Each structure stands twice: as C-alpha cells, then as structure tokens.
Amino acid sequence: MITIPKDYNEKTGISIVPICIDNVERNGYVIDADWIELGVEPVADQLRGIAKKVLSDVWRVSEITENAVRSVWKRHRNASSEEVGIRIVKHAHWWAEDVRVGGRRARQKLDVELFTNTIECLQDQFDLAVDAENRDTVDRLICEVKRQGMDDVAEMIPMMLRDADAAEMVQRFGKLRNTLAQRFYRGVRKAARAAMITW
C-alpha cells in the first residue's frame with residue numbers, strides 16, 4: 001500500500017486527505033512504487049479536486065486514483081512521469097464520472113431500459129394463418145346460427161366481437177341485458193355443437 005503524501009501522519013496531517021493506492025494488481029503483479037509516486041504526487045491536489053467536484057466527497061480520492069493508476073499502468077507503464085500524471089488525472093476524472101452515474105455503460109448511455117425492450121419483444125405478431133382460421137370459424141358459426149333461425153344471435157356475434165357495450169345491445173334488441181346474454185350464449189353453444197366447432 002502506498003500513501004501520498006509519503007510522510008502522512010494521521011495525527012499531524014488532519015487538513016490533508018491522503019491518497020492510498022494498493023500497488024498490487026488484481027492478477028498479482030506489483031506496480032512500480034516509484035512510477036506511482038512520480039505520476040500521482042505532482043497531481044495529487046488535482047485528483048482531490050476531481051473527487052470533491054464530481055463525487056462531492058474528497059475522501060473518495062483514493063478510490064478513483066487507484067482505478068486510474070491501474071488503468072494507466074496496464075497501457076502506459078513505460079511513459080514519462082509528466083505523461084503519467086496527465087493520464088492519471090484524465091482517467092481519474094472518467095472513473096469519478098462513472099461512479100457518479102452508476103458505471104461506464106450508464107455514462108456512455110449504452111444501457112437500455114429492460115422494460116422497453118421486453119415490451120417490444122413480447123408484442124403480439126400478426127399470424128395470418130390463425131387469423132384466417134378464426135374468421136372461417138366465425139363465418140361457419142354465423143351460418144349455422146342463421147340456419148337454425150336465430151337471426152338475432154347472428155346479429156349479436158359481430159357486436160360481441162367488437163366489444164359493444166350493454167346499453168347498445170339493449171337499445172338494439174329491446175330486451176334486458178341478462179336476457180340477451182343468456183340468449184346469445186345458449187344460441188352460440190347450440191350452433192357450435194351442430195357445426196362441430198370446438199374451442
């Protein structure tokens with residue numbers, strides 16, 4: 001673990017926020033301590049400023065600096081100390097922005113709302129064969145209802161398919177809603193049995 005400033009003391013250095021960096025990478029390799037000091041120490045105040053401005057918490061400077069150091073070390077371990085400092089500041093700023101908004105994908109607006117995608121995927125696709133079969137079934141049912149002399153039921157079928165309200169049905173046929181419903185369902189069941197239609 002490397003602390004910047006190197007001579008930081010908790011009791012005497014109350015006014016300074018230290019930057020603590022683990023110099024061991026996730027895969028076990030050790031990051032050169034001199035490289036970290038040469039790259040981070042000159043820009044330490046800038047890094048604290050980024051943590052304070054972007055994350056509103058200067059004490060998170062170690063978090064963003066450690067991630068920036070690891071990222072820069074992977075790609076630019078042979079760079080000069082001036083370059084390293086500039087790169088670490090830039091990477092730390094992006095890490096802070098990522099932390100603030102919830103991740104790099106969110107910052108780059110790559111995350112898509114799952115609900116919208118799910119609805120789009122689940123939308124019912126029109127099936128021509130099923131639609132033709134359904135229309136044929138309705139036509140056969142209407143023919144059978146008319147053959148059996150139930151013209152009022154034959155007239156009710158299209159109204160029911162378009163979700164006509166009860167008031168419209170009562171007004172059209174002049175009977176109570178319950179009487180119409182009973183007449184409709186009994187007539188349709190009788191015609192369906194006769195035409196051998198099942199559902």
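The values are calculated or read from the model by the stated rules, or taken from the named source; none is laboratory data. All of these numbers come straight from a predicted model, not from anything done at the bench. Reconstructed Cβ throughout: ideal geometry from the backbone, glycine too, with neighbour counts over all protein chains shown.
Quick look at the values:
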item	result
Answer residue from segment 15-52, given it is surrounded by fewer than 17 Cβ atoms within 10 Å (Cβ to Cβ) and small (Gly, Ala, Ser) and is nearest to the chain's Cα centre (by Cα) among those	Gly49
Number of the exception - Gly174 against (1) touching a residue at least 24 places away in the same chain (Cβ under 8 Å); (2) exposed (fewer than 11 other Cβ atoms within 10 Å of the Cβ)	(1)
Number of the condition not met by Val145 [criteria: (1) more than 22 Å from Ile197 (Cα to Cα); (2) surrounded by 11 or more Cβ atoms within 10 Å (Cβ to Cβ)]	(1)
Single condition Gly149 does not satisfy, out of (1) in a helix (DSSP H, G or I); (2) at pLDDT 90 or above	(1)
Residue list for segment 161-192, restricted to those being small (Gly, Ala, Ser), part of a helix (DSSP H, G or I) and under 24 Å from Arg140 (Cβ atoms)	Ala181, Gly187, Ala191, Ala192
